[in-house]
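Following: one structure in structure tokens, then a few remarks.
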Amino acid sequence: MKYLVKIFIVFVGSIMAFDDLFAQNIGLKGGLNLSSMIFKEDGETYSEDFKMRPGFNIGATAEFPLSEMFSFETGLQLSTKGFNYSLEETEMGESINFESNISLLYLDIPFLAKSSFDIGYDKKIYATFGPYVGLGISGKSKIKITYDGETESDEETIEWGSDKESSDFKRLDFGLTIGAGVEINSVLIGLNYSLGLANISPNTDNGNMINNRVLGLSVGYKFSRY
């Protein structure tokens with residue numbers, strides 16, 4: 001985690017240095033993530049009962065104005081992904097409760113086209129669209145089973161890689177992000193949805209596919225320089 005903090009500090013410092021050269025707008029933002037995952041095999045989906053997992057997003061942004069209405073936005077963001085799952089059944093008169101969750105942490109870099117519209121009184125509305133690239137950096141898998149009044153639980157560290165026998169997920173993720181929001185003075189409130197297009201399943205036999213899905217709400221502050 002200390003290494004990640006160093007990366008984040010270096011990135012923010014670099015953005016601030018570029019600000020002096022390119023007269024861009026830099027910003028900081030953070031907020032809530034609600035994530036899930038899509039599991040498919042042989043064209044069938046097995047993740048309909050997955051529940052969204054709450055998490056967070058936090059990062060720095062750099063906006064390069066192209067005109068009064070259009071700009072290019074990028075940055076670096078720590079973003080949680082994964083899902084929750086629970087199932088309750090009755091067997092021989094006894095209730096069995098099964099709970100599982102996958103919690104993943106990614107470093108995401110968006111490449112977004114941004115359109116802003118002035119609506120007066122120092123307020124703007126904006127929309128963003130573009131691809132993102134993500135790198136999985138850590139993760140946990142937790143399972144809890146309750147049966148006959150007794151609970152057993154297990155926790156494992158996610159193994160990243162492409163080996164279908166020993167890896168849980170591929171590290172590289174990419175996809176598309178679409179978002180919208182409002183800017184009041186220098187405060188931004190935005191909502192975005194990230195559609196993972198990368199198959200992060202190490203095992204692709206029988207058409208196995210795993211894709212990330214993330215709904216994010218963020219609040220940020222833009223340090224403008226004109």
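Numerical summary
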| read-out | value |
| --- | --- |
| Residue satisfying all of: in segment 60-74; out of contact with any Phe, Trp or Tyr (no Cβ under 8 Å at 6 or more places or on another chain) and in a strand (DSSP E or B); most open to solvent (accessible area, probe 1.4 Å) among these | PHE70 |
| Test for GLU159: is it under 18 Å from LEU104 (Cβ atoms), over 16 Å from the mean Cα position of the chain (by Cα) and loosely packed, with under 15 Cβ neighbours inside 10 Å | yes |
| Subset of segment 16-30 (residues that are modelled with pLDDT of 90 or more and open to solvent by 30 Å² or more (accessible area, probe 1.4 Å)) | LEU28, LYS29 |
| Subset of segment 188-208 that is in contact with a Ser or Thr (Cβ under 6 Å, 6 or more places away or on another chain) and in a strand (DSSP E or B) - its residue that is least open to solvent (accessible area, probe 1.4 Å) | GLY190 |
| Unique residue being more than 18 Å from ASN208 (Cα to Cα) and at pLDDT 90 or above when the list is GLY136, GLY161, GLY149 | GLY136 |
| Answer from THR80, THR90, THR151 - the residue that is among the hydroxyl-bearing types (Ser, Thr, Tyr) and touching a residue at least 40 places away in the same chain (Cβ under 8 Å) | THR80 |
| Residue match in segment 126-143 (condition: farther than 22 Å from GLU63 by Cα and open to solvent by 90 Å² or more (accessible area, probe 1.4 Å)) | no |
| Qualifying residue in segment 106-113 (condition: open to solvent by 30 Å² or more (accessible area, probe 1.4 Å) and more than 25 Å from ILE210 (Cβ to Cβ)) | yes |
| Residue within segment 173-186 that is assigned to a strand (DSSP E or B) and of a type in the set (S, T, N, Q) present | yes |
| Test result for LEU87, of a type in the set (A, V, I, L, M), touching a strand residue (DSSP E or B) at 6+ places or on another chain (Cβ under 7 Å), farther than 18 Å from ASP49 by Cα and in a strand (DSSP E or B) | no |
| Members of segment 180-195 that are in contact (Cβ under 8 Å) with a residue 24 or more places away in the chain and under 13 Å from the mean Cα position of the chain (by Cα) | LEU191, ASN192, SER194 |
| Filtered residue count, segment 31-59, keeping only those that are surrounded by 14 or more Cβ atoms within 10 Å (Cβ to Cβ) and part of a strand (DSSP E or B) | 17 |
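The values are calculated or read from the model by the stated rules, or taken from the named source; none is laboratory data. Worth saying up front: this structure is predicted, and the values here are computed from it rather than measured. Positions of Cβ are generated from backbone atoms using ideal geometry, with glycine treated the same way; all protein chains shown enter the neighbour counts. When the accessible area is computed, the model is the full protein with side chains, heavy atoms only, and any ligands, DNA or RNA have been set aside. Shrake-Rupley method; radii C 1.70, N 1.55, O 1.52, S 1.80 Å.
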